[in-house]
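A quick write-up on the structure given underneath.
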Amino acid sequence: MKVITKIAEMQKQIIQEKNNQKSIGFVPTMGYLHEGHMALIKRARQENDIVVLSVFVNPLQFGPSEDLEAYPRDFERDKKAAEDSGVDYFFYPDVNEMYPGAPSVKVIVQDRTEVLCGRSRPGHFDGVATVLTKLFNIVLPDRAYFGMKDAQQVAVVDGLIHDFHFPITLVPVETVREEDGLAKSSRNVNLLPEERKQAPALYESLKLAEHMINEGVRDPERIISSMAQHISGQTSGIIDYIEIYSYPDLKPVSKIQGKIIIALAVKFSRARLIDNMIVTVNE
């Protein structure tokens, strides 16, 4: 595995690989790699000749009230995990390399951001779209891999690739979960022991929603109410939102039909957890 910190060097290596007719799979991350990231790398390894992993804690996607400096970082740990997983290129630029000066152009996301996490994080997805536009142009991937745990991000990336005509196939990868159903996340380490015991209730509420839909319930509000009751009864967390939208365009629905997302966010004392489920109803 080759560690690269400079954009010009990364582009040079990629152009050489492409000249040799090699396909490029790309896994962009903010580091502190866990099993969810490993699943993305594994899928990319299966489907491409070359796998590029980037680790970059992107300041543009942190809001004023979010602590950029507190975001977990561990270069040596990430490097070892990437190497053990079969990554070919580990792209690790610093902030000055990615943002050497004030930008003359910014990417503004116009749709799919006023709901779910985007509502409480204005500008967050602009930062995501901006850094991905840069990374896509640096790495020139054939396929890009994103976890469905952040399904809103996947929806935004889908729009970015489509609207800007990137010749990239977006590959969504299913959420990786603990044995008790809790979605894997670097934020899980911030849960207090009692909160960790309670946290599987989030996934249980999604399974409850799925069961209700399978039983014929088509009223979104009824499903949301049942989910909220389950989470409130099983955890000390404060519900940030439970919402149901069409997917991937994230529009409100008055009836459960077609492809929809059921998504939630719950705040515990030191961690805010998100989870979701995609359901397709054909009737």
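The values are calculated or read from the model by the stated rules, or taken from the named source; none is laboratory data. Only a predicted model underlies this, so the values are computations on that prediction, with no experimental measurement involved. For neighbour counting, all protein chains shown are included, and Cβ atoms are generated from backbone atoms with ideal geometry for every residue, glycine included.
Considering only residues that are β-branched (Val, Ile, Thr) and in contact (Cβ under 8 Å) with a residue 12 or more places away in the chain, which ones fall in the range 94-123?
95, 107, 108, 109, 113, 115
Residues checked against (1) within 29 Å of residue 71 (Cβ to Cβ); (2) in contact with a helix residue (DSSP H, G or I) (Cβ under 6 Å, 6 or more places away or on another chain); (3) among the charged types (D, E, K, R):
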| position | (1), (2), (3) |
| --- | --- |
| 204 | yes, no, yes |
| 224 | no, no, no |
| 241 | yes, no, no |
| 258 | no, no, no |
| 265 | yes, no, no |
| 276 | yes, yes, no |
| 282 | no, no, no |
For the range 248-283 the number of residues that are touching a residue at least 40 places away in the same chain (Cβ under 8 Å) and polar (S, T, N, Q) is 2
Neighbours by Cβ (under 6 Å, 6+ apart or cross-chain): first from the range 124-147, assigned by TED's automatic domain parsing to the domain that holds residue 29; second at pLDDT 95 or above and charged (D, E, K, R): 145/43
Could you please let me know if residue 205 is at negative phi, touching a strand residue (DSSP E or B) at 6+ places or on another chain (Cβ under 9 Å), buried (at least 20 other Cβ atoms within 10 Å of the Cβ) and assigned to a helix (DSSP H, G or I)? yes
Residues 186, 246: which one is among the small types (Gly, Ala, Ser), surrounded by fewer than 21 Cβ atoms within 10 Å (Cβ to Cβ) and more than 24 Å from residue 30 (Cβ to Cβ)? 246
Of the residues in the range 185-195, those that are over 21 Å from residue 242 (Cβ atoms) and under 21 Å from the mean Cα position of the chain (by Cα) come to 186, 189, 190
Can you tell me which of 87, 154 is at pLDDT 95 or above and within 15 Å of the chain's Cα centre (by Cα)? 154
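Kindly indicate whether any position in the range 228-242 is assigned to a helix (DSSP H, G or I), in contact with a Leu (Cβ under 7 Å, 6 or more places away or on another chain) and either buried (at least 19 other Cβ atoms within 10 Å of the Cβ) or outside the structural domain of residue 112 (by TED's automatic domain parsing) (or both).
Within the range 228-242 (the criterion being assigned to a helix (DSSP H, G or I), in contact with a Leu (Cβ under 7 Å, 6 or more places away or on another chain) and either buried (at least 19 other Cβ atoms within 10 Å of the Cβ) or outside the structural domain of residue 112 (by TED's automatic domain parsing) (or both)), the answer is yes, since at least one residue qualifies.
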How many residues of the range 42-74 are in contact (Cβ under 8 Å) with a residue 60 or more places away in the chain, more than 16 Å from residue 95 (Cα to Cα) and not in a loop (DSSP other than H, G, I, E, B)? The answer is 4
